[in-house]
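I have placed the structure first, in the form of structure tokens, so that the comments after it can refer back to it.
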Amino acid sequence: MANLKEIRNRITSVGSTMQITSAMKMVSAAKLKKAQDAITAMRPYADKLTELLQSVSASLEGESGSVFAEQREVKNVLVVSITSNRGLCGAFNTNVIKESSRLANETYADKNVSFMTIGKKGHDILGKKFYVIHNNNSVFDDLTYENVSEITRRLMDIYSEGTYDKIVLVYNHFRNAATQVVKTENFLPIQPVALEDSVSSSADYIFEPNKVEIVETLIPKSLKTQLYKSIRDSFASEHGARMTAMHKATDNAGELRSELKLTYNKARQAAITNEILEIVGGAEALNN
């Protein structure tokens with residue numbers, strides 16, 4: 001059994017760790033509220049914009065000359081992996097990295113797969129195994145629509161140049177503070193809905209000046225909104241995952257501290273008992 005000083009040091013160390021994890025939990029809880037409000041408010045707009053674009057694109061029947069709606073033979077695939085810059089958030093980053101690796105090794109095993117990473121943690125791991133064309137860490141320093149638009153424009157440029165035939169996003173979808181689901185989402189080319197599904201919905205729209213021009217205008221805006229929504233989703237998921245992880249860490253630290261205190265009290269009691277026995281034994285020896 002460890003001596004009393006070692007146990008006291010461990011109790012102090014666990015207590016300090018407990019204070020840190022508790023503080024991190026509160027910070028993430030405060031940031032989560034703002035991030036959750038942002039993604040909750042944005043989702044209906046982003047989903048409706050994507051639905052509108054897909055519906056109109058499907059009804060064009062080949063009229064559109066947009067390169068972003070062109071369906072090519074898939075030879076080169078770009079996976080955009082969205083993680084975080086910091087750890088201590090449970091399996092948040094690990095799940096995205098695993099899914100990204102699975103896409104490269106299984107789903108697109110017969111294709112040339114490259115990566116673009118958003119977040120330091122994903123780049124650190126994926127960069128050792130795969131070819132990463134670009135890493136975007138600074139976007140989380142100032143997460144705005146304008147900054148994300150720069151990344152979108154880069155993706156649109158490399159796709160229009162024919163460097164890649166397909167671009168997919170991998171990120172954590174935010175459900176609640178305790179639940180984040182890894183989601184794989186097609187980014188380019190734009191996937192139109194089935195024509196029969198779009199006919200009924202297109203009947204409700206009056207197009208001015210015409211469908212082609214509307215689609216050409218909607219595509220950049222829709223892609224920018226889609227990527228911004230995905231990063232926002234991941235951002236809210238990160239704080240939810242970190243808050244949950246730090247809550248569990250704080251509880252575990254509390255349990256460990258209680259066990260150490262019990263061990264300390266037992267050791268102290270044993271030490272006192274031994275001292276009493278020694279005193280009594282010494283007194284009896286003197287009497288004899």
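The values are calculated or read from the model by the stated rules, or taken from the named source; none is laboratory data. Computed from a predicted model, the values in this text were never measured in an experiment. Note that each Cβ is placed from the backbone with ideal geometry, even for glycine, and that neighbours are counted across all protein chains shown.
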LEU256 being of a type in the set (A, V, I, L, M, F, W, C), in contact (Cβ under 8 Å) with a residue 60 or more places away in the chain, out of contact with any His (no Cβ under 8 Å at 6 or more places or on another chain) and on the phi < 0 side of the Ramachandran plot
yes
Using beta carbons and a limit of 7 Å, which pairs, at least six apart or on different chains, have the first residue in the range 24-38 and in a helix (DSSP H, G or I) and the second one of a type in the set (S, T, N, Q) and modelled with pLDDT of 90 or more?
LYS25/THR250
Before we move on, is VAL212 in contact with a Leu (Cβ under 8 Å, 6 or more places away or on another chain), within 30 Å of GLU185 (Cα to Cα) and either at pLDDT below 95 or surrounded by fewer than 16 Cβ atoms within 10 Å (Cβ to Cβ) (or both)?
yes
Looking for whichever is more than 15 Å from GLY240 (Cβ to Cβ) and either surrounded by 14 or more Cβ atoms within 10 Å (Cβ to Cβ) or small (Gly, Ala, Ser) (or both) here; the options are VAL182, VAL96, VAL148. Which one fits?
VAL148
Would you point out the residue of the range 50-60, among those that are assigned to a helix (DSSP H, G or I) and surrounded by 17 or more Cβ atoms within 10 Å (Cβ to Cβ), that is nearest to the chain's Cα centre (by Cα)?
THR50
Among the residues of the range 66-76, is any touching a helix residue (DSSP H, G or I) at 6+ places or on another chain (Cβ under 9 Å), of a type in the set (Asp, Glu) and farther than 17 Å from ASN172 by Cβ?
no
Check off (1) modelled with pLDDT of 90 or more; (2) touching a helix residue (DSSP H, G or I) at 6+ places or on another chain (Cβ under 7 Å) for ALA104 and give me the number that stays unchecked.
(2)
Checking TYR171 against (1) at pLDDT below 95; (2) under 18 Å from ILE39 (Cα atoms), the condition it does not meet:
(1)
ASP142 of a type in the set (Asp, Glu) and either more than 30 Å from MET24 (Cβ to Cβ) or surrounded by 17 or more Cβ atoms within 10 Å (Cβ to Cβ) (or both):
no
If SER138 passes every condition in (1) in contact with a Leu (Cβ under 8 Å, 6 or more places away or on another chain); (2) of a type outside the set (Asp, Glu); (3) without any contact (Cβ under 8 Å) to a residue 12 or more places away in the chain but one, which one does it miss?
(1)
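What residue, among those in the range 140-177 that are basic (Lys, Arg) and in a strand (DSSP E or B), is nearest to the chain's Cα centre (by Cα)?
The residue in question is ARG175.
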Count of residues meeting criterion [crowded, with 17+ Cβ neighbours inside 10 Å and closer than 30 Å to ASP251 by Cα] in the range 39-49:
1
Suppose we keep only residues that are more than 14 Å from the chain's Cα centre (by Cα), in a helix (DSSP H, G or I) and charged (D, E, K, R) within the range 106-139. Which one would you say is surrounded by the most Cβ atoms within 10 Å (Cβ to Cβ)?
ASP124
